[in-house]
1. Per q in 0.24 1/Å, what log10 I(q)/I(0) does a Debye calculation on the alpha-carbon atoms of the chain return?
2. Within a 10 angstrom radius of the beta carbon, how do S35, S2 rank from fewest other beta carbons to most?
3. Which order, highest average first, do 48-56, 14-22, 72-80 follow once you tally other Cβ atoms within 10 Å for each residue and take the mean per peptide?
4. Using a Förster radius of 41 Å, what is the FRET efficiency between I61 and R22 based on their Cβ-Cβ separation? Nearest 0.05, please.
5. Once phi is turned into ³J(HN,Hα) by the Karplus curve 6.51 cos²θ - 1.76 cosθ + 1.60 with θ = phi - 60°, what whole-Hz value does each residue of the range 29-44 show in order, with x for glycine and proline?
6. If you take the charge dipole of the chain about its Cα centre, with +1 on Lys and Arg Cβ and -1 on Asp and Glu Cβ, which of F77, L32, A59 is farthest toward its positive end?
7. Compute the acute angle (0 to 90°) between the alpha-carbon long axis of helix 46-66 and the principal axis of greatest extent of the alpha-carbon atoms of the chain; round to the nearest 10°.
8. Can you return the aspartates and glutamates within cross-link range of K4? Criterion is Cα-Cα under 15 Å, with same-chain partners fewer than 8 residues away left out.
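Read-outs throughout are calculated quantities, based only on the coordinates presented, and are distinct from any laboratory measurement. In this text the structure is predicted, and so the values were computed from the model without any measurement. Glycine gets a Cβ as well: all are built from the backbone with ideal geometry, and neighbour counts include every protein chain shown.
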Amino acid sequence: MSIKLKKETEERLITSIKRYFREKLDEEIGDLKASLVLEYFLKEIAPTIYNIAVGDAQAFINERISDIEGTCYEQEFTYWKR
């Protein structure tokens, strides 16, 4: 599954990458180079982060499901115990 970005998000990321290069590396880069850096990160690094996030979400859901009876259990036949 490739990661797709909205055009506005991509533009903001390119702006951020250009700023990072300018402020942290003292190098000016244009839109093309920033776009290539973004493409590299999306293809090479983002899938790893995505997979970790999916694993975290799955662990969270599994933890909640394992305690579903304790969370969603209702005592039966309680009318006459009042």
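1. Debye curve over Cα of the chain, log10 I(q)/I(0) at q = 0.24 Å⁻¹: -1.11.
2. S2, S35
3. 14-22, 48-56, 72-80
4. Details: r = 42 Å, r/R0 = 1.01.
In this case the efficiency is close to 0.50.
5. Karplus-based 3J(HN,Hα) across the range 29-44 equals 10, x, 4, 4, 5, 5, 5, 5, 4, 4, 4, 4, 4, 5, 8, 9 Hz.
6. L32
7. The angle comes out near 10 degrees.
8. Cross-link targets: E39, E44.
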